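> Quick one: structure below, then a few questions.
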Amino acid sequence: MNVLVIGGGGREHALAWKIAQSNKVQKVFVAPGNGGTARDKRLDNIDITGVKALREFAQSHSVELTVVGPETPLAAGVVDEFRAHGMRIFGPTKAAAQLESSKAFSKAFMKRHNIPTAEYETFTDAQAAHDYVNAKGAPIVVKADGLAAGKGVVVAMTAAEAHEAIDFMLLDNKLGVSHNEGGARVVIEEFLQGEEASFIVMCDGKTVLPLATSQDHKRLLDADLGPNTGGMGAYSPAPVVTPEVHARAMREIILPTIKGMEKDGIPFTGFLYAGLMIDPQGHVKTLEFNCRMGDPETQPIMARLKTDLVDVLMAATATNAETRFDDFELEWDRRTAIGVVLAAHGYPMGPRKGDAITGLPQDTDDVVVFHAGTQMQDGQVVTSGGRVLCVTALGGTLRLAQQQAYDTIKGIHFDGVQYRTDIGYRAISR
């Protein structure tokens, strides 16, 4: 069969890489793809991004299955477009994708269905937001209500930082947030103490298949310092997600979310990502929902997945007469996987583009370099975005996986490269 993966980042490279391993697949198209997918002979980059054009391409190229990677086409209704023409696609509808595209929708949904989350208020008026911060004090969390490519959250440790974030999001919009109807809004939340983890499941509208646990590092610098980013690295499994925490997250967050969406008339299909805050007692609260796999969590998760992903995706998009999730138990590599992001000079606020990348190694059974912000230019791979590469390695222990990844990074070069040297330190220190 032919498969289409929509998107051009590291997450999509990892999904396409895994899908291409299936003996059921003849061709994997990636739209628009990146420099890494362009180098893989099993993958074909397609320079298309529009919803209707994607559907027309899939129809004309006998695509039997489409998988949506990023949030923007989901919020634009790509799933609705494909389904309206009877085409098989894995992802949530535009209405269901509001769980990510609107923080205000998501928080109201959680409140309505008694899903544990932080106390919050929503604001369109900057002065009212400033007054709220003055009343509550810091630390406090300010979130842009809209798509912001993973950079629309400021954890303000001082009131001054919170006030700056409010003006940044409501008045300046220097993050380039895609505002929802009604214009710019912010959600301001209480600051939660604990450790974050990524809890990602696949949903077919009624049933849920949990993926391997993972944890990412969002801060730019070692020791979780510096500004928030889209993610500087991740590892799987995440020791903080104990069997007890896993059971609690399923019982208190994931299953009530799927049932709540169905009850509200907008059943959820696709990848559902719950950002968890886990307190020292093992209680969990929901920081956010994403309607897609995380990036860079996808890279180590796909590196560990042994089950044929195409079988799972076909089951997830099946009609009632076909195989459903109930028949599946995913098989995982018992080793640890770690992904270290190499970012461009100036990331996250002003990443430089066009720097030549040298020293890219051949993939091995233990190390794969997934591309994100890269493109081919006159036969040379160059930087084209903020997060450029994710060096992903497997090892018998987290330390061995770390060593594999960082040894590989030593041979890769582009001007201004920046990366963290401590991905996975929280798990090692547990």
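Coordinate-derived values only; no laboratory data. What you are looking at is a predicted structure, and each value in this text was computed from that prediction instead of being measured. In this analysis, Cβ positions are derived from the backbone assuming ideal geometry, glycine residues included, and neighbour counts consider all displayed protein chains.
> Given the -39500 (n - 2.57) contribution per DSSP H run of 4+ residues, what per-residue ellipticity at 222 nm results for the chain, rounded to the nearest 500 deg cm²/dmol?
Mean residue ellipticity, 222 nm, calculated: -7000 deg cm²/dmol.
> Could you give the length gained on full extension between His61 and Gln377, defined as 0.36 nm per residue of separation minus the Cα-Cα distance, in nm?
Values: separation 316, 0.36 × 316 = 113.76 nm, distance 2.67 nm.
Gain in length upon complete extension: 111.1 nm.
> Nearest 5 is fine: what % of DSSP beta bridges in the chain come out antiparallel, could you say?
80 percent
> Further question: If I model a spin label as a point 7 Å beyond the Cα along the Cα-Cβ vector, how far apart are those points for Arg399 and Lys206 in nm?
Calculated label separation equals 4.9 nm.
> Which net charge results for the neighbourhood of Val141, defined as the other residues with beta-carbon distances under 11 angstrom from its beta-carbon, given Lys and Arg at +1 and Asp and Glu at -1?
After counting each charged neighbour, the total is -2.
> Oh, and also: Along Cα→Cβ, 7 Å out, is where each label goes; now give me the distance between the ones at Asp365 and Lys263 in nm to one decimal.
Each label point is offset 7 Å from its Cα along the Cβ direction, giving 4.9 nm.
> Charges at C-beta only: +1 for Lys and Arg, -1 for Asp and Glu. How large is the resulting dipole of segment 13-117 about its Cα centre, in Debye rounded to 20?
340 debye
> Here is a follow-up. Calculate the length of the line joining the C-alpha centroid of segment 227-250 to that of segment 91-168, in whole Å.
Result: 21 Å between the Cα centres.
> Which of the pairs Lys52/Lys94; Lys18/Lys94; Lys263/Lys285; Lys285/Lys306; Lys94/Lys263; Lys18/Lys41 have their Cα atoms more than 19 Å apart in this structure?
Distance filter (> 19 Å) returns Lys18/Lys94; Lys263/Lys285; Lys285/Lys306.
> With each pseudo-label sitting 7 Å past Cα toward Cβ, what's the His85-Leu221 distance in nm, one decimal?
Going by the 7 Å Cα→Cβ label model, 4.9 nm.
> Assuming R0 = 51 Å, can you tell me the calculated FRET efficiency for the pair Glu331 and Ala356, based on Cβ-Cβ distance, to the nearest 0.05?
Calculated value: 0.80.
> A further question on this structure: If R0 is 41 Å, what FRET efficiency do you get for Asp311 and Tyr406 from their C-beta distance, rounded to 0.05?
Taking R0 as 41 Å, the efficiency between Asp311 and Tyr406 is 0.75.
> Something else now. Report the per residue volume, in Å³, of the convex hull enclosing the C-alpha atoms of the chain.
Per residue, the Cα convex hull of the chain comes to 136 Å³.
> Quote to one decimal, in nm, the extra length available between Gln26 and Asp131 on full extension: 0.36 nm per residue of separation minus the C-alpha distance between them.
Answer, rounded to one decimal: 32.0 nm.
> For Ala318 and Lys41, what does the FRET efficiency come to when R0 = 35 Å and r is the distance between their Cβ atoms, rounded to the nearest 0.05?
So, using R0 = 35 Å, E works out to roughly 0.70.
> Follow-up. In percent, what relative contact order does the chain have, based on Cα pairs under 8 Å that are 6 or more apart in sequence?
Relative contact order here is 16 percent.
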